[in-house]
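Take a look at the structure set out below.
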Amino acid sequence: MPRTRVPRTRVTVSILSAAALVLVGCSGAGQPTTPEPATAPAVALDTALTHVHGLHVRADGTVLAGTHTGLYALDSAGGTSRVGDSDDDFMGLTGVPGTDTLYSSGHPGVSSDAPNPLGLRGSNDGGTTWSDRSLGGQTDFHALASDGRLLVGFDGAEGLAVSTDAGYNWTRGASVDAYALAMTTAAVWALTPDGLMRSTDGAQSFAAAVDSPTLVLLAGAGDALWGIDASGDAWRSRDGVDWQKVDRVGAVDALTAVDYDTAYAATNQAFFILG
């Protein structure tokens, strides 16, 4: 399924504009303009990472961060260590929650002779080694989500790409601009310029999710759906119902969910434990 990547500037500008409107609309006279400090437990990283694009929690509980220069494991003391030999730019990273099955997309690093963009790659050993799956030289997925049965991606082109065989073959999904994707047991979820949307037919069609906070990051695992809003507050729900504000993290770059009780968010200098 050849796909031509459209620059993400259009989508990114729309997202930032929408977030700005939300903040302006919620501001009132006399309200402070300085962001509130984070309240969630944080672990400072010994060595700053470069552009954290995505997070995944491996089967052994290790938090993995996909960055501009490869995949890194984060330990509870803030240590960072490269996973495998790849120095590729992991612009897109997801995994089947609680497993060592990962998917990535992006651009080759300085040591790689792979086509640019990388297309879809997969790993079954927690990111130590990777194999090409499809769309090399054609597609750069920035948003990916999988539950082990379904894999959904968005690369800035028209609509979603959907795979039911771990990324070897793709079909067209719904025509939505999804700057973040997530899955729960009940649905596929997409953050779009029109807000949070929900699909119950394998990403073939979407409808607006009612009574949800205005989110900028999204993650799912099992029946748990987590999100972070434009103010830096972390929320959770069960399959998008009865959202609960949990913690405050401030501005972060990536989010992943373990279950309803636990999630992780990260910047290039720290990661936060939510729940």
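The values are calculated or read from the model by the stated rules, or taken from the named source; none is laboratory data. Given the structure is predicted, the values throughout are model-derived calculations rather than measurements. We place every Cβ from the backbone using ideal geometry, glycine too, and count neighbours over all the protein chains shown. The protein model used for the area step is the full one, side chains on, heavy atoms only, and it has no ligands, DNA or RNA in it. Shrake-Rupley method; radii C 1.70, N 1.55, O 1.52, S 1.80 Å.
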Cα gyration tensor shape for segment 132-265, rounded if a/c is under 1.5, else prolate or oblate: prolate
Gap separating the Cα centres of segment 204-224 and segment 151-189, nearest whole Å: 14 Å
Contour minus Cα-Cα distance for T99 and A44 (0.36 nm per residue): 17.3 nm
Three-way shape label, segment 227-266, alpha-carbon gyration tensor, a/c 1.5: oblate
Cα shape, segment 42-274, gyration tensor, a/c 1.5 rule: oblate
Surface per residue (accessible, 1.4 Å probe) for the chain, Å²: 44 Å²
Pairwise label distance in nanometres, D125 with A207, each label 7 Å out on the Cα-Cβ vector: 4.6 nm
Cα-derived Rg over Rh, computed across segment 140-182 with Rh taken as Kirkwood radius: 0.91
Carbon/sulfur fraction of accessible area - the chain, other protein chains in place, 1.4 Å, %: 50 percent
Computed [θ] at 222 nm, deg cm²/dmol, the chain (DSSP H ≥ 4; -39,500 (n - 2.57); rounded to nearest 500): -2000 deg cm²/dmol
Projected label distance in nm at T164 and A59, using a 7 Å step from Cα toward the beta-carbon: 2.6 nm
Segment T200-T185, extension gain: residue separation times 0.36 nm, minus the distance between their alpha carbons: 4.4 nm
Estimated FRET transfer efficiency when R0 is 35 angstrom, pair D85-A251 (beta carbons, to 0.05): 0.65
Net length gained if the chain between E36 and D259 were fully extended (0.36 nm per residue, minus Cα distance): 77.6 nm
